[in-house]
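One structure below.
The values are calculated or read from the model by the stated rules, or taken from the named source; none is laboratory data. Keep in mind that this is a model prediction, so the values were computed, not measured. Quick reminder, even Gly has a Cβ in these numbers, built from the backbone with ideal geometry, and neighbours come from all protein chains shown.
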């Protein structure tokens, strides 16, 4: 494998969506040395889906691959049972190995959408932790004190609020650090909330008389709400296997303030092009909606191809700009008759409660064949082909039995 020493590519690697590098001088020297570096990224399969927040570090791993270095992907099928405590204000539930294995089934196929999986060394950390002896575990735990492990901000918040911290969570950084020993990592990549865990890798490598890895932390990405870190539990995520139309629509829903950050962290578009977008937004010469559409198109293209990206954009414009009906609308079969607006929304599974139905109707967010329902008590005579719409995203077409 030939090492690429292209200055422009190295600059992109070390700056784009990068939060911090430790030790930057060391890493720059390694990249210029001509040596093939072993670049580690660990992912715990705590859920079956990968979302765009996960892809920031995966894209960075791909950049190392493109320079000729060895990507080492650690699938944490042992550490996933514990779960990374970083940023959490309460303990995670212990995952069974069966759930972890189930989550793993589609993981590599999803990851292969970003990195060159055929050129990646894939390791599973249960291969060594499942065989670790008590003596080996004792040696590992001697490398750090309890005080050092619990001084982190998230644990201190838990202590102050009287929230439990399990011993397994306290040991999690040590386990992640030991992974670096087992794969002889030269570099480790992780999100900026992973800094403590990545630094632990250096400490543990030192204890095992190994050269210390350099670490590179990447940006954390806010979700579509623009507030919380992207996660499935917060409901603000964009999954990389979601349908193109859904992915495009979610990308179009992000706050304007996140457009450039998403471009830099979640796409492989050239910095020069993103700089132009940023200048256009700052000068207010460009409509943010137009730039956001380019972002949504690029995100869909990366995971579904150009054809799907064009179709998703056309469908979005048809529904949200021209206010036309989407091409495909779910069909629900009902008995012929007259239904109250609230009962109809419930029967069509468009709402979860009568309270939600009343609120939407009072806000005039409910439309029947394009006309707003003004009164929640309105009676509606259903017929085949009648389209019920809530907001801009939820549509149902009725067919009569």
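Observations on the structure shown:
- Of 122, 115, 99, 74, all but one fail to be at pLDDT 85 or above and closer than 24 Å to residue 234 by Cβ; the exception is 99.
- Cβ-Cβ contacts under 7 Å between residues 6 or more apart (or on different chains), taken from a first residue in region 1-15 that is loosely packed, with under 11 Cβ neighbours inside 10 Å to a second residue that is assigned to a loop (DSSP other than H, G, I, E, B), are listed as 1/36; 1/68; 2/68.
- For residue 229, the stated conditions do not hold, so it cannot be described as assigned by TED's automatic domain parsing to the domain that holds residue 180, over 22 Å from residue 291 (Cβ atoms), in contact with a strand residue (DSSP E or B) (Cβ under 9 Å, 6 or more places away or on another chain) and surrounded by fewer than 21 Cβ atoms within 10 Å (Cβ to Cβ).
Conditions tested, residue by residue: (1) within 27 Å of residue 243 (Cα to Cα); (2) surrounded by 14 or more Cβ atoms within 10 Å (Cβ to Cβ).
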| site | (1), (2) |
| --- | --- |
| 283 | no, no |
| 295 | yes, yes |
| 308 | yes, yes |
| 358 | no, yes |
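- Qualifying position, being free of Cβ contacts under 8 Å to residues at least 24 places away in the same chain, loosely packed, with under 15 Cβ neighbours inside 10 Å and in contact with a strand residue (DSSP E or B) (Cβ under 7 Å, 6 or more places away or on another chain), among 369, 317: 369
- Failed item, numbered, when residue 4 is tested on (1) touching a strand residue (DSSP E or B) at 6+ places or on another chain (Cβ under 7 Å); (2) more than 30 Å from residue 128 (Cβ to Cβ): (1)
- Of everything in region 102-131 that is surrounded by 14 or more Cβ atoms within 10 Å (Cβ to Cβ) and assigned to a loop (DSSP other than H, G, I, E, B), the residue that is farthest from the chain's Cα centre (by Cα) is 125.
- The listed residue being under 21 Å from residue 230 (Cβ atoms) and either in contact (Cβ under 8 Å) with a residue 24 or more places away in the chain or out of contact with any helix residue (DSSP H, G or I) (no Cβ under 7 Å at 6 or more places or on another chain) (or both), out of 145, 141, 133, 106: 106
- The single condition among (1) under 28 Å from residue 228 (Cα atoms); (2) at pLDDT 85 or above that residue 272 does not meet is (1).
- The helices (runs of 4 or more DSSP H) located wholly in region 149-258 that include 2 or more residues which are touching a residue at least 40 places away in the same chain (Cβ under 8 Å) and in contact with a helix residue (DSSP H, G or I) (Cβ under 6 Å, 6 or more places away or on another chain) occupy 167-183, 195-207, 244-252.
- Flag for residue 331 being touching a strand residue (DSSP E or B) at 6+ places or on another chain (Cβ under 6 Å) and either within 19 Å of residue 251 (Cβ to Cβ) or touching a residue at least 24 places away in the same chain (Cβ under 8 Å) (or both): yes
- Any hit, region 192-200, residues being over 21 Å from the mean Cα position of the chain (by Cα), surrounded by 22 or more Cβ atoms within 10 Å (Cβ to Cβ) and modelled with pLDDT under 95: yes
- Hey, residue 23 under 17 Å from residue 265 (Cα atoms), surrounded by fewer than 17 Cβ atoms within 10 Å (Cβ to Cβ) and not assigned by TED's automatic domain parsing to the domain that holds residue 254 or not: no
- Those helices (runs of 4 or more DSSP H) lying entirely in region 16-84 with at least 2 residues within 17 Å of the chain's Cα centre (by Cα) and closer than 28 Å to residue 94 by Cβ: 52-66
- When the test is whether a residue is at pLDDT 95 or above, within 23 Å of residue 224 (Cβ to Cβ), in the same structural domain as residue 117 (by TED's automatic domain parsing) and touching a strand residue (DSSP E or B) at 6+ places or on another chain (Cβ under 8 Å), residue 60 passes it.
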